[in-house]
Amino acid sequence: PPIGKSYDNGKVLVTVNGDQIATDITLAVHRGVNVTELSASIQGAIGAMVGKMLGMTVQTVNIYIEEIVSSVDAS
């Protein structure tokens with residue numbers, strides 16, 4: 001497995017060391033979203049998919065909220 005490889009597009013950073021993956025994800029969320037639940041959901045999904053698809057272990061999934069945006073009224 002790769003040692004010390006990383007990918008960073010400014011919003012998503014993925015670092016691979018051996019069979020371990022660490023991620024940092026930067027998001028904008030709508031006002032009123034439960035950030036704790038959203039973060040836990042994203043962390044769980046990434047952990048499950050990395051394990052299932054790549055057979056690797058997720059070391060960390062850090063979620064950073066960059067911005068809270070107001071919902072747009074469609075009326």
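The values are calculated or read from the model by the stated rules, or taken from the named source; none is laboratory data. As the structure is a computational prediction, the values presented were derived from the model and not from experiment. Here the Cβ is made from the backbone with ideal geometry for all residues, glycine too, and neighbour counts use every protein chain on show. Only protein heavy atoms, including side chains, enter the accessible area calculation; ligands, DNA and RNA are left aside. Shrake-Rupley method; radii C 1.70, N 1.55, O 1.52, S 1.80 Å.
Data table
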read-out: Flag for Asp24 being open to solvent by less than 60 Å² (accessible area, probe 1.4 Å) and not aliphatic (A, V, I, L, M); value: yes
read-out: Members of region 18-43 that are free of Cβ contacts under 8 Å to residues at least 24 places away in the same chain and farther than 22 Å from Ile68 by Cα; value: Gly18
read-out: Cross-chain or 6+ apart pairs with Cβ under 8 Å, region 52-64 first and under 14 Å from Gly18 (Cβ atoms) and touching a residue at least 24 places away in the same chain (Cβ under 8 Å), then open to solvent by less than 50 Å² (accessible area, probe 1.4 Å) and not in a strand (DSSP E or B); value: Met56/Val50; Thr57/Val50; Thr57/Gly51; Val58/Ile46; Val58/Gly47; Val58/Val50; Val58/Gly51
read-out: Residue selected from region 1-21 under the condition small (Gly, Ala, Ser) and closer than 18 Å to Gln59 by Cβ, by the criterion least open to solvent (accessible area, probe 1.4 Å); value: Gly18
